[in-house]
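The structure appears below as structure tokens.
The values are calculated or read from the model by the stated rules, or taken from the named source; none is laboratory data. Predicted model, so just to flag it, every value in this text is computed and none were measured. Here the Cβ positions follow ideal geometry from the backbone for every residue, glycine too, while neighbour counts run over all protein chains shown.
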Amino acid sequence: MKSATKPSRGLRIADQIQRDVAEMIQREVRIDRAGLVTLTGVEVTPDYAHAKVYFTTIGASVEAAQKILSDKAGYFHSLLFKRLTIHTIPRLTFVHDESVTRGIEIDRLIEQANKSPSG
């Protein structure tokens, strides 16, 4: 029953990676190059070898932000190595989170449908 009240170790590590990488991005990546980057989640493989870091960006193209984050992934990995006290530090892969964009589009379509005259 303990596992129901506490998140698993993998989830705790993913949350910690998200907090740490978000802080690193804030310090290390210029807003004028990558826009305002927000991390929306992290998925860590069971062996902790890889982590997908999901992000959104405002003020820059997704491609530009993804390239900058991918270029910095090795550097962020080395910084995580100094911060985390786990045996294997995951390699970071940055993935654009399209759920926010899809949500905005769905909201727009709902609003448009509500404004249409019903017949």
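Is it the case, given these coordinates, that THR56 is in contact with a helix residue (DSSP H, G or I) (Cβ under 8 Å, 6 or more places away or on another chain), surrounded by 17 or more Cβ atoms within 10 Å (Cβ to Cβ), under 30 Å from ARG9 (Cβ atoms) and among the polar types (S, T, N, Q)? Yes, satisfied. Of note, SER78 does not satisfy the criterion of being within 16 Å of GLY35 (Cβ to Cβ), at pLDDT 90 or above and outside any strand (DSSP E or B). With respect to ASP32, is the statement that it is more than 25 Å from SER8 (Cα to Cα), of a type in the set (D, E, K, R) and either out of contact with any Pro (no Cβ under 7 Å at 6 or more places or on another chain) or exposed (fewer than 14 other Cβ atoms within 10 Å of the Cβ) (or both) true? Considered against the rule, which asks whether it is more than 25 Å from SER8 (Cα to Cα), of a type in the set (D, E, K, R) and either out of contact with any Pro (no Cβ under 7 Å at 6 or more places or on another chain) or exposed (fewer than 14 other Cβ atoms within 10 Å of the Cβ) (or both), ASP32 comes out as yes.
Do we find that ALA73 is in contact with a Gly (Cβ under 6 Å, 6 or more places away or on another chain) and either closer than 23 Å to GLY35 by Cα or assigned to a strand (DSSP E or B) (or both) in this structure? Against the criterion (in contact with a Gly (Cβ under 6 Å, 6 or more places away or on another chain) and either closer than 23 Å to GLY35 by Cα or assigned to a strand (DSSP E or B) (or both)), ALA73 does not qualify. If you filter region 94-105 down to residues that are out of contact with any helix residue (DSSP H, G or I) (no Cβ under 7 Å at 6 or more places or on another chain) and either within 15 Å of GLN16 (Cα to Cα) or modelled with pLDDT of 90 or more (or both), you find that the one that is surrounded by the most Cβ atoms within 10 Å (Cβ to Cβ) is ASP97.
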